[in-house]
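Have a look at the structure below before the remarks.
The values are calculated or read from the model by the stated rules, or taken from the named source; none is laboratory data. Please read all numbers here as calculations on a predicted model, not as lab measurements. Neighbour counts are summed over all protein chains in view; Cβ atoms, including those assigned to glycine, are modelled from backbone coordinates with ideal geometry.
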Amino acid sequence: MTSKKSLALLGSTGSIGTQAIDVVLSQGAHEVVGLAASGAHLELFIQQARTLKPAELALFDERSAAEASTALGREVRSGAAGVDAVASMGAEIVLNGISGSVGLSPTLAALQSGSLLALANKESLVVGGPLVKAIARPGQLIPVDSEHSAIAQALLAGAPSEVSKLILTASGGPFRGKSAAELASVTVAQALAHPTWSMGPVVTINSASLANKGLEVIEAHLLFDIAYDKIEVVVHPQSMIHSMVEFCDGSTIAQISPPDMRLPIALALSWPNRSTYAIPSVNWSQPMEWSFAPVDRETFPALDLAYAAGRHGGVAPACYNAANEEAVAAFISGALSFAGIPRIIEQTLTHFMQGAAKRSDVSEVSDILDTEIAARAFARSLIGEEA
């Protein structure tokens with residue numbers, strides 16, 4: 001009988017984390033040895049700890065960690081250091097499902113410990129790309145995002161030298177077809193009403209603005225070493241084709257499946273082999289229609305801003321991500337309109353492109369964090385002016 005692979009799960013109470021636990025419990029091929037989360041969903045975390053009985057537990061929030069320790073009668077580590085300890089505990093696989101750039105430190109900790117990293121936290125690669133790439137050994141990074149999982153699968157059809165283009169698909173979100181003027185008055189509830197995917201609030205709003213697709217473009221560039229000019233985004237509302245690879249002979253290979261994140265999660269946990277976990281496949285006996293359209297780049301400028309940040313390099317992607325996170329938080333709180341999100345990103349990028357973001361020598365985490373702190377402060381000042 002094959003022994004179970006040890007798994008540390010970061011962001012266990014979020015959308016990725018809860019679906020990963022569904023896969024683990026169904027598949028029976030992994031032993032969860034570590035759990036970490038923010039602390040925002042304390043009762044769920046306590047329930048997960050009681051069910052899975054991992055060796056290590058951690059919560060970012062110190063008060064939540066103390067409450068969990070009392071409820072469980074055992075140590076629950078706290079703060080960023082506690083989460084890093086779970087990431088670096090030496091599990092065979094670490095799945096990073098944390099949301100936001102706070103996931104960078106655990107990503108680095110997992111890679112430095114030698115674990116395989118199943119990466120759903122795209123922000124840590126976007127923000128810390130040079131650092132992550134410098135320490136990740138070949139094959140150590142496994143994509144979990146459905147688009148990048150699709151590309152990884154499609155790339156198996158040819159040699160790297162034969163790749164002509166990567167094509168990322170986007171659902172278009174809840175505001176597909178709307179004009180820029182119409183987006184000025186949309187509500188948080190409308191932005192959270194994604195037509196095909198069930199995700200956390202920040203990722204869902206990023207999908208509505210296409211900032212998420214911009215982050216995925218930068219991630220694809222870093223994961224697959226493909227130039228930005230060879231990465232294209234196309235709107236595919238049905239979300240059945242998760243991304244494609246075009247080869248030099250004109251052939252295009254697509255990965256197709258119903259929109260269910262449990263599939264790329266299960267594949268990442270068993271990569272490069274197919275998982276024993278399965279979702280219902282496409283019912284080819286039923287009539288269906290799939291459509292494709294170019295992105296309305298004037299209405300959704302966040303995408304081109306991401307391309308600009310990625311091409312600029314250095315810490316510019318960190319500035320993009322910091323400004324976006326601050327703008328999204330302000331939109332959720334009612335301090336900024338939805339249309340204000342790309343404005344904050346653009347103004348922050350423009351400011352920092354002339355200064356800190358001009359740097360390309362990213363060799364320390366502090367290089368990124370210092371710039372990110374400054375970019376967040378600048379973005380908040382812009383938001384204050386708009387309020």
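If only one of TRP284, TRP290 is touching a residue at least 24 places away in the same chain (Cβ under 8 Å) and loosely packed, with under 14 Cβ neighbours inside 10 Å, which one is it?
None of the other options fit; the residue is TRP290.
What are the residues in segment 70-88 that are closer than 11 Å to ALA58 by Cβ and either touching a Phe, Trp or Tyr at 6+ places or on another chain (Cβ under 9 Å) or in a helix (DSSP H, G or I) (or both), if any?
VAL76, SER78, GLY79, ALA80, ALA81, GLY82, VAL83, ASP84, ALA85, VAL86, ALA87 - these are the residues of segment 70-88 that are closer than 11 Å to ALA58 by Cβ and either touching a Phe, Trp or Tyr at 6+ places or on another chain (Cβ under 9 Å) or in a helix (DSSP H, G or I) (or both).
Could you please find all residues in segment 102-128 being closer than 23 Å to TYR307 by Cα and surrounded by fewer than 24 Cβ atoms within 10 Å (Cβ to Cβ)?
VAL102
Among the listed residues ARG137, ARG176, which satisfies the condition of being of a type outside the set (S, T, N, Q) and either over 22 Å from LEU108 (Cα atoms) or in contact (Cβ under 8 Å) with a residue 40 or more places away in the chain (or both)?
Answer to the selection: ARG176.
Assess whether GLU162 counts as being of a type in the set (D, E, K, R) and closer than 16 Å to MET244 by Cα.
yes
From the set of residues in segment 232-276 that are free of Cβ contacts under 8 Å to residues at least 60 places away in the same chain and under 15 Å from ILE142 (Cα atoms), which is surrounded by the fewest Cβ atoms within 10 Å (Cβ to Cβ)?
ASN273
Exactly one of these conditions fails for ARG297: (1) under 19 Å from PHE175 (Cα atoms); (2) surrounded by fewer than 18 Cβ atoms within 10 Å (Cβ to Cβ); (3) in contact (Cβ under 8 Å) with a residue 12 or more places away in the chain. Give me its number.
Failed condition: (3).
Is it the case, given these coordinates, that PRO259 is in a loop (DSSP other than H, G, I, E, B), at negative phi and within 20 Å of the chain's Cα centre (by Cα)?
Taking the combined requirement at face value, the residue satisfies it.
Evaluate the following for LEU183: is it surrounded by 16 or more Cβ atoms within 10 Å (Cβ to Cβ) and either within 24 Å of GLY139 (Cα to Cα) or assigned by TED's automatic domain parsing to the domain that holds ALA308 (or both)?
Considered against the rule, which asks whether it is surrounded by 16 or more Cβ atoms within 10 Å (Cβ to Cβ) and either within 24 Å of GLY139 (Cα to Cα) or assigned by TED's automatic domain parsing to the domain that holds ALA308 (or both), LEU183 comes out as no.
Under 23 Å from SER270 (Cα atoms), modelled with pLDDT of 95 or more, among the basic types (Lys, Arg) and surrounded by 15 or more Cβ atoms within 10 Å (Cβ to Cβ), is that true of LYS53?
No; evaluated as a whole, the condition is false for this residue.
Considering segment 91-132 alone, what residues qualify as being without any contact (Cβ under 8 Å) to a residue 40 or more places away in the chain and either in a loop (DSSP other than H, G, I, E, B) or within 13 Å of GLU325 (Cβ to Cβ) (or both)?
Matches in segment 91-132: GLY114, SER124.
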